[in-house]
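Participant: Quick one: the structure is below, and I'll ask about it shortly.
What follows is calculated from the coordinates using simple rules that are stated; it is not laboratory data. All values reported here derive from a predicted model rather than from experimental measurement. A quick note on method: Cβ atoms are made from the backbone with ideal geometry, for glycine too, and the neighbour counts reach across all protein chains shown.
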Amino acid sequence: MRGYVLDVGPKFFLLSLVSDRIWFDGFECVRVSDVIAIKPDPYADFAERALKKRGERVPKKPRVDLERIEALLLSASRAFPLLAIHLEQADPDVCWIGRVRGVGRGRVSLLEINPDARWDQEPREHRLSKITRVNFAGDYENALHLVGGDPPAGSSGDVMNRPGVKRAPFDGRSSETVPRVARRKRGVPVV
């Protein structure tokens, strides 16, 4: 994993990811408790020079709340149309991508979009305690949203009407509102 640490909360930290092709590629929030080691990128000088020559700058920190997983999912879903959640203990090779419909009672309700950019009809619930990482504003999530658009009307299921569930409305801003060339103090490069 290569990127710049933009913020650290009590449960998660926020990275601005740098892809293997040396472009900024969205954001990733990782559970602090899952980190074994953070070390400087041995090729940081090359990556930083390539990013600079391409006109890429460390993106501005998005408005996401890193205090708790519930707050992270709700705040990220207000700012970005799609989130990818990882439950690596259940399946380390799979992520679930979609629009958060609600958070409550220890679960997140996610209306998923498949790899063909087609929306599921009903949301699926995932246990919050099992989420190890959350991604948003990456090239893949943006491409899915570009092709699949917003979920069709009537596909939200009944999760919004359950007691104890906080709604997660997307406010219309897309990940494209995060400037790819925002001016910011440099973060900390890591692998």
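Participant: Given the structure, is V103 within 21 Å of K11 (Cα to Cα), of a type outside the set (G, A, S) and crowded, with 18+ Cβ neighbours inside 10 Å?
Facilitator: yes
Participant: Could you pull out the residue among G26, G9 that is closer than 14 Å to V134 by Cβ and surrounded by fewer than 19 Cβ atoms within 10 Å (Cβ to Cβ)?
Facilitator: Checking each option against the conditions leaves just G9.
Participant: Quickly run through segment 19-45 and pick out the residues that are of a type in the set (V, I, T) and either over 26 Å from N142 (Cβ atoms) or touching a helix residue (DSSP H, G or I) at 6+ places or on another chain (Cβ under 6 Å) (or both).
Facilitator: Those that are of a type in the set (V, I, T) and either over 26 Å from N142 (Cβ atoms) or touching a helix residue (DSSP H, G or I) at 6+ places or on another chain (Cβ under 6 Å) (or both): I22, V32, V35, I36, I38.
Participant: Evaluate the following for A117: is it without any contact (Cβ under 8 Å) to a residue 60 or more places away in the chain and either charged (D, E, K, R) or farther than 19 Å from A143 by Cβ (or both)?
Facilitator: So A117 does not fit the description; no.
Participant: So, one more: Output the residues belonging to segment 3-25 that are more than 21 Å from E70 (Cβ to Cβ) and within 15 Å of the chain's Cα centre (by Cα).
Facilitator: Within segment 3-25, G3, Y4, V5, S16, L17, V18, S19, F24, D25 qualify.
Participant: Quick one: in segment 40-66, of everything that is under 17 Å from V30 (Cβ atoms) and aliphatic (A, V, I, L, M), which residue is nearest to the chain's Cα centre (by Cα)?
Facilitator: By that ranking, first place goes to V64.
Participant: Here is a check on your reading of the model: is E125 acidic (D, E) and in contact with a strand residue (DSSP E or B) (Cβ under 8 Å, 6 or more places away or on another chain)?
Facilitator: yes
Participant: To continue, here is another question. Have a look at I69, I113 and point out the one that is surrounded by 17 or more Cβ atoms within 10 Å (Cβ to Cβ), out of contact with any Asp or Glu (no Cβ under 9 Å at 6 or more places or on another chain), farther than 13 Å from F27 by Cβ and of a type in the set (V, I, T).
Facilitator: Criteria check complete, one pass: I69.
Participant: Any residue that is within 29 Å of I36 (Cα to Cα) and of a type in the set (S, T, Y) - is there at least one of those in segment 76-97?
Facilitator: Within segment 76-97 (the criterion being within 29 Å of I36 (Cα to Cα) and of a type in the set (S, T, Y)), the answer is yes, since at least one residue qualifies.
Participant: Within segment 116-149, which residues are exposed (fewer than 13 other Cβ atoms within 10 Å of the Cβ) and of a type in the set (G, A, S)?
Facilitator: Answer for segment 116-149, where residues must be exposed (fewer than 13 other Cβ atoms within 10 Å of the Cβ) and of a type in the set (G, A, S): S129, A143, G149.
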